[in-house]
1. Give me D for the range A:8-212 in µm² s⁻¹, whole number, from Stokes-Einstein with Rh from the Kirkwood sum over alpha-carbon pairs, 4 °C and 1.567 mPa s.
2. Quick one: length gained pulling residue A:57 to residue A:181 fully straight, 0.36 nm per residue minus the C-alpha distance?
3. Just to confirm my numbers, what's the Cα centroid distance between the range A:1-66 and the range B:136-189 in Å?
4. Using a ≥ b ≥ c from the Cα gyration tensor of the range B:28-104 (square roots of the eigenvalues), is it rounded, prolate or oblate, where a/c under 1.5 gives rounded and otherwise the larger of a/b and b/c decides, a/b for prolate?
5. Give me the extension gain from residue A:76 to residue A:210: residue separation times 0.36 nm, minus the current Cα-Cα distance, reported in nm with one decimal.
6. In nm, to one decimal, how far is the modelled label at residue B:136 from the one at residue B:95, with both set 7 Å along Cα→Cβ?
7. Please compute, over every Cα-Cα pair in the protein assembly as shown, the percentage with a separation greater than 40 angstrom.
8. So if we plug the beta-carbon distance of residue A:8 and residue B:84 into 1/(1 + (r/R0)^6) with R0 = 56 Å, what FRET efficiency do we get, rounded to 0.05?
Ligand SMILES: Nc1ncnc2c1ncn2[C@@H]1O[C@H](COP(=O)(O)OP(=O)(O)O)[C@@H](O)[C@H]1O
Ligand SMILES: [Mg+2]
């Protein structure tokens, strides 16, 4: 307990940054992921190719490598300087969006093709078919797996430790500088992650139960 | 270019063409499912598309509103070549009603909302006007009392009548039916056919893929008999049913009429 209480500043700062990184990344990866997901189901084959290439490329790149590219590569590009936290968030967003896109796509594909055909047959445009007919029906198929993607995102924020971004995954490194017991620290960090993940999982279960009934 | 002169249909004259199919071909991979299909559907005409399973009837029907793309040839509706996927095609589809074998009512919307959706989203009709329009069409097909139910609460026959109302609410120039009664329990077939017969009497142009020979005989102005992706025979119902010209048509009729 002392390990925690004596270093509360570090824990609070670390987890506050984790939650912040998580929230910002979640919002932007949702937006980008839906755009990529729409590309993946577009009637235009070139749009589909763009979406597919994106997903294949990003899903098959280890996140740590992607972060390394942003942390080490980006500053060499001569673009406006960004701090490591922002770069880590960009890497997380690009990576997570590929998973969001796949969840979105399979949710849409789970809807019977007749729904799309009927919608197109009365003259709805592609975006109307998606927003008015498909998304409302796919919603319940999309939200639970989407929360799984976000749970993975929450854990993935710790990968940013390697790039001196102060967040929960970096608490232990700072603690060892203070001469604290490493194992106890790690257990506390794991415990708080566990609580956060349990929170998301509880939301997930709530949706699943609600929709299982109807 | 005068299309009427470039498309020749033996024994049939295009007096007032609404749909023109010119050398339409379609491949699924190696499978040549539509072979040089030429025909014209005149305004107000009722065409019954019949033939054995796998003949290409659904593919042809769906090609007319471009739910299925074709590999070569031209399709014109009301003088306009079918455009590529996009806003223009959507506008054209709004004028072509389609009724599917499996009804395809929007599962998350009530019966009334199903019928209102097109007028509101596509025609930009005011909600209150769209509601009145939808109720009028639901009444016309005899299911106005089901307006506030979800599609899954209706029988197949009722769902199909709602699907017809949904198409009619757009005020289409042309109605396409792809085996509208094939998914129905036998006792519900006639309630849907009755609606279609009534519609045929209003002067609507209709292309109907059907296995209901009674309907084809009674309602159609012309029978198109297809087999192996080709139009094998085109004739009036009287000609076709009493004196089919080809062995394929004779064999087919023997089989279906024996049932
Ligand atoms: N989506 C598809 N992919 C591949 N082949 C198809 C597809 N749809 C239909 N076909 C094939 O095209 C041919 C014509 O099918 P269809 O138009 O459904 O015939 P019908 O409606 O006369 O029974 C059949 O050989 C069928 O197997
Ligand atoms: Mg068919």
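Laboratory data are not the source of any read-out in this text; all were calculated from the coordinates shown. No experiment lies behind these values; they were computed from the predicted model shown. Heads up, the Cβs are rebuilt from the backbone with ideal geometry, glycines too, and the neighbour counts pull from every protein chain shown.
1. Details: Rh = 18.7 Å.
Diffusion coefficient, whole number: 69 µm²/s.
2. Values: separation 124, 0.36 × 124 = 44.64 nm, distance 4.03 nm.
Residue separation times 0.36 nm, minus the Cα-Cα distance, leaves 40.6 nm.
3. 45
4. Cα axes put the range B:28-104 in the rounded bin.
5. Values: separation 134, 0.36 × 134 = 48.24 nm, distance 5.00 nm.
Roughly 43.2 nm would be gained on extension.
6. Label at residue B:136, label at residue B:95, 2.0 nm between them.
7. Values: 44055 of 111628 pairs.
Every Cα pair in the protein assembly as shown considered, those over 40 Å come to 39 percent.
8. Details: r = 63 Å, r/R0 = 1.12.
Step by step, r from the Cβ atoms, then E = 0.35.
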